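What follows is a short report on a single structure.
The values are calculated or read from the model by the stated rules, or taken from the named source; none is laboratory data. In this text the structure is predicted, and so the values were computed from the model without any measurement. Note that we place each Cβ from the backbone using ideal geometry, even for glycine, and neighbour counts take in every protein chain shown.
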Amino acid sequence: MLETIDGRAADDWNLTNPSFFADTKPEAVYARLRRDDPVHWTEGRLSRGFWSVTRFKEAQQVYANDNKTFSIQQAGNVLPAHPDFEDEANSEALRLTRDGASLSSMDGEPHNVLRRAFAEMFALPNVAKLETLVRRLSVEILNDVLPTGACDFAIDVAAKLPLMVIADVMAIPRRDWHDMYIWNNMFASPDDPEFSIGTPIETAGAALTKINGYCLGLALERRAGDGADLISVMARTEVDGRLLSNEQLAYNGLMFFAAGHETTRNTLCAGLEALCADPSEMARLRSHRHEPGALKVAVEEFVRWATPLNHQMRTAMEDTKLGDRDIRKGDLVVVWNLSANRDEAAFRDAGRFDSQRKPNAHLGFGFGKHFCLGAHLARLEMRVMLEYMLENMLDIEVLGVPERSASNLFPGIKHMPIRFTPHAPIAV
Ligand code: HEM
């Protein structure tokens, strides 16, 4: 007989329960679903069911039809973490999403237009100019931990680099970085007892108010200036001859800060964990540490392996088919990205971490219209940090079992104590 929790199939329940992701790696659930029911009607602990898409093929089909067959804006791109988040009256994030207040929650032509406005800043030639900054910040972070020969890699290294880089790109004053970091943790993992300040909805709501208010304040201050930072650029951006509204300024600020931070941190942690679990893979990559090409390939495998944005949700805008299932207009469809990236039909030896995997056309950065705008920046940060770590942290060992966040969106590593032999402080 199938295992049940509260009258629901256990797998269904678990997928809608953030705490499950803190305690368990979900790969076994995904493998069962890919094998038995790859487009699976899922009845969890939310008020309505949804389709779970677990194979690469159908996942790609959903993303390829974004803004037409599937909508982001209708109900958002995130499965509510808790029944409270399903109600717009409680959830400011859901209201802003439905209003299309951020790039990542917009459909159709308005999305195309705003994306074009931000695209140049994150295009490869402009991101390449940030390499000096990324190197300087990476050295600062590593030189703080190298003398001790031990650190919590998640907090002391992996969380710091993306936070410092995106904060610099947004020209957020250093004195405010710590507050933004705390608010971001509350927003990304409101179910996690380490970050919560009340119920999940209260925690996420308080964080959203703080980050939105902060970003809006900076944007309005900078609107009249000629700054080149992301907030100044946003403040001066016009769509169809009109400046962005206050809600758009605030929510896009939050989106960039959260998107640029949580994901990269989780990817660095999961990649290092995988390398430490396989010393021959670590030795192989270390021998390639002076080859940017090999490091770039490794970073793609970090992203496939980690898939830090574990799921994305869409709403069907018309009747359609996914696999052999009939999807009805209005149905919610959740793509489990990590499962798609472990699909044996799409990746040779999918369950193995291979630092030199080629080809590696993973869905870790998404696919299609909403493909990650920050992908070049994330790749740069991870390549540079990886290069310094391979050179300067020898014999890295993960101490104990890493602690994961209670989130079915960002179920990443929040603590990962490591020990290592320092090579030498890095010359600035
Ligand atoms: C390893 C790091 C990262 C991963 C794995 C990642 C992953 C993703 C994924 C899967 C999406 C698509 C969401 C969807 O289809 O609904 C996305 C969108 C996005 N990401 Fe990233 N991301 C990363 C880093 C960054 C960084 C550093 C930034 C900073 C600027 C960023 C900014 C964005 C934005 C703005 C979008 C929305 C694009 C749109 O809707 O048109 N991301 N990201």
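When you look at Thr54, is it closer than 16 Å to Met313 by Cα, at pLDDT 95 or above and surrounded by fewer than 23 Cβ atoms within 10 Å (Cβ to Cβ), yes or no?
Numbers: closer than 16 Å to Met313 by Cα: yes; at pLDDT 95 or above: yes; surrounded by fewer than 23 Cβ atoms within 10 Å (Cβ to Cβ): no.
No: the conditions fail for Thr54.
Being within 12 Å of the ligand (Cβ to nearest atom), hydrophobic (A, V, I, L, M, F, W, C) and within 19 Å of the chain's Cα centre (by Cα) is a description that does not apply to Ala81.
Tell me whether the range 220-227 contains one or more residues that are of a type in the set (A, V, I, L, M, F, W, C) and within 13 Å of the ligand (Cβ to nearest atom). Scanning the range 220-227, I find no residue that is of a type in the set (A, V, I, L, M, F, W, C) and within 13 Å of the ligand (Cβ to nearest atom), so the answer is no.
Mind telling me which of the residues Cys276, Cys269 ends up being touching a residue at least 60 places away in the same chain (Cβ under 8 Å), in contact with a strand residue (DSSP E or B) (Cβ under 9 Å, 6 or more places away or on another chain) and under 30 Å from Ala93 (Cα atoms)?
Working: Cys276 fails: under 30 Å from Ala93 (Cα atoms).
From the options Cys276, Cys269, the qualifying one is Cys269.
Among the residues of the range 124-140, the ones that are more than 16 Å from the ligand (Cβ to nearest atom) and either surrounded by 20 or more Cβ atoms within 10 Å (Cβ to Cβ) or outside any helix (DSSP H, G or I) (or both) come to 0 in all. Where helices (runs of 4 or more DSSP H) sit wholly within the range 1-107, those with at least 1 residues that are among the aliphatic types (A, V, I, L, M), over 19 Å from Leu322 (Cα atoms) and without any contact (Cβ under 8 Å) to a residue 40 or more places away in the chain occupy 10-15, 27-36, 92-98. Checked against (1) at positive phi; (2) more than 16 Å from the ligand (Cβ to nearest atom), Val398 meets all criteria but (1).
Scan the range 129-137 and give yes if some residue there is within 28 Å of Met106 (Cβ to Cβ) and either of a type in the set (S, T, N, Q) or touching a residue at least 24 places away in the same chain (Cβ under 8 Å) (or both), otherwise no. Checked against the condition, which is being within 28 Å of Met106 (Cβ to Cβ) and either of a type in the set (S, T, N, Q) or touching a residue at least 24 places away in the same chain (Cβ under 8 Å) (or both), the range 129-137 yields at least one hit.
Of the residues making up the range 336-370, just one is basic (Lys, Arg), closer than 26 Å to Ser407 by Cβ and without any contact (Cβ under 8 Å) to a residue 40 or more places away in the chain, namely Arg352. Say whether the condition of being crowded, with 22+ Cβ neighbours inside 10 Å, in contact (Cβ under 8 Å) with a residue 40 or more places away in the chain and outside any helix (DSSP H, G or I) is met by at least one residue in the range 144-159. Checked the range 144-159: at least one residue is crowded, with 22+ Cβ neighbours inside 10 Å, in contact (Cβ under 8 Å) with a residue 40 or more places away in the chain and outside any helix (DSSP H, G or I). Filtering the range 381-428 to residues that are among the aliphatic types (A, V, I, L, M), in contact with a helix residue (DSSP H, G or I) (Cβ under 7 Å, 6 or more places away or on another chain) and assigned to a strand (DSSP E or B) leaves Ile396, Val398, Ile413, Ile418. Answer with yes or no whether Arg357 is crowded, with 18+ Cβ neighbours inside 10 Å and out of contact with any strand residue (DSSP E or B) (no Cβ under 9 Å at 6 or more places or on another chain). Answer is yes for this residue. Given the structure, is Glu262 over 30 Å from Ser405 (Cα atoms) and either free of Cβ contacts under 8 Å to residues at least 60 places away in the same chain or crowded, with 23+ Cβ neighbours inside 10 Å (or both)? Spelling it out, it is not the case that Glu262 is over 30 Å from Ser405 (Cα atoms) and either free of Cβ contacts under 8 Å to residues at least 60 places away in the same chain or crowded, with 23+ Cβ neighbours inside 10 Å (or both).
For the range 62-78: of the residues being at pLDDT below 95 and aliphatic (A, V, I, L, M), which is farthest from the ligand (Cβ to nearest atom)? Across the range 62-78, the extreme among qualifying residues is Ala75. Residue-level check: of (1) within 22 Å of the chain's Cα centre (by Cα); (2) modelled with pLDDT of 95 or more; (3) buried (at least 21 other Cβ atoms within 10 Å of the Cβ), Met393 misses just (1).
When you go through Val62, Val53 one by one, which is the residue that is among the β-branched types (Val, Ile, Thr) and in contact with a Pro (Cβ under 8 Å, 6 or more places away or on another chain)?
Working: Val62 fails: in contact with a Pro (Cβ under 8 Å, 6 or more places away or on another chain).
One residue alone meets the criteria, Val53.
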